[in-house]
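Visitor: Pasting in a structure now, in structure tokens, and then I'll have a few things to ask.
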Amino acid sequence: MVQFAGGCMCGKVRYSGEADPIFQGVCHCTSCQKLTGSSFSVVVAVPTPALKIEGETKTFDSKGDSGNGIHFVFCPNCGSPVTDAADIMPNVTMIRAGTLDDTSWLKPAMEIYCDSKQHWVSLAGMAQSFPKMPMPG
């Protein structure tokens, strides 16, 4: 089991928990690119019941390529994206790895949405790559 903690840039939103990650990966979807202002996002998926969030948050609701909802949680003060959840994966929350206090245990092993990856991005060490999000189950 991994103990994790983190928060937004200004410190008004904090989270913590203990769980084995469901997956750790790099997402190249266009939503993550826009959300981060970068070419990809590193996420750690954990069981939602294992995650405790403190502080006021705001949620931006959108739709994924499946047509199902995606819910981006961020700090209303500094704007840091903290977590997101997709309706297609109930009881799973993805933590934005850049918000973790300690990333020494982080080892992303997969890339998703490679069909929208920036052409100049090349990441070593990924065990799996998927053109879109692999279906759960």
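The values are calculated or read from the model by the stated rules, or taken from the named source; none is laboratory data. Model, not experiment: these values are computed from the prediction. With ideal geometry, Cβ positions are generated from the backbone for all residues, glycine too; neighbour counts draw on all protein chains shown.
Visitor: Looking at (1) surrounded by fewer than 18 Cβ atoms within 10 Å (Cβ to Cβ); (2) touching a residue at least 40 places away in the same chain (Cβ under 8 Å); (3) closer than 25 Å to Cys114 by Cα, find the lone condition where Asn77 falls short.
Guide: Every listed condition holds for Asn77 apart from (3).
Visitor: Does Ser41 satisfy being over 22 Å from Met133 (Cβ atoms) and either touching a Cys at 6+ places or on another chain (Cβ under 7 Å) or not hydrophobic (A, V, I, L, M, F, W, C) (or both)?
Guide: Here the answer is no, as Ser41 does not meet what is asked.
Visitor: Give the residues of region 15-31 that are modelled with pLDDT of 90 or more, out of contact with any Cys (no Cβ under 8 Å at 6 or more places or on another chain) and either over 15 Å from Thr93 (Cα atoms) or not charged (D, E, K, R) (or both), sorted by residue number.
Guide: Residues satisfying the conditions are Tyr15, Ser16, Gly17, Ala19, Pro21, Ile22, Phe23, Gln24, Gly25, Val26, Cys27.
Visitor: Where in region 40-137 are the strands (runs of 3 or more DSSP E), entirely inside, with at least 3 residues that are of a type in the set (A, V, I, L, M, F, W, C)?
Guide: Where strands (runs of 3 or more DSSP E) fall fully within region 40-137 and carry at least 3 residues being of a type in the set (A, V, I, L, M, F, W, C), they are 41-47, 69-74, 81-86, 92-96.
Visitor: I would also like to ask the following. Which members of region 121-137 meet the condition of being more than 30 Å from Glu18 (Cα to Cα) and either surrounded by 11 or more Cβ atoms within 10 Å (Cβ to Cβ) or touching a residue at least 24 places away in the same chain (Cβ under 8 Å) (or both)?
Guide: Across region 121-137, the qualifying residues are Val121, Pro131.
Visitor: Mind checking which residues of region 80-92 are surrounded by 13 or more Cβ atoms within 10 Å (Cβ to Cβ) and more than 11 Å from the chain's Cα centre (by Cα)?
Guide: Ser80, Asp87, Ile88, Met89
Visitor: Something else now. Output the number of the condition that Gln33 fails; it satisfies all remaining conditions of (1) of a type outside the set (A, V, I, L, M); (2) in contact (Cβ under 8 Å) with a residue 40 or more places away in the chain; (3) surrounded by fewer than 14 Cβ atoms within 10 Å (Cβ to Cβ); (4) under 15 Å from Tyr113 (Cβ atoms).
Guide: With respect to (1) of a type outside the set (A, V, I, L, M); (2) in contact (Cβ under 8 Å) with a residue 40 or more places away in the chain; (3) surrounded by fewer than 14 Cβ atoms within 10 Å (Cβ to Cβ); (4) under 15 Å from Tyr113 (Cβ atoms), Gln33 is out only on (3).
Visitor: Identify, by number, the condition in (1) crowded, with 20+ Cβ neighbours inside 10 Å; (2) touching a residue at least 60 places away in the same chain (Cβ under 8 Å); (3) in contact with a Lys or Arg (Cβ under 7 Å, 6 or more places away or on another chain) that Ser41 doesn't meet.
Guide: For Ser41, the failing item is (2).
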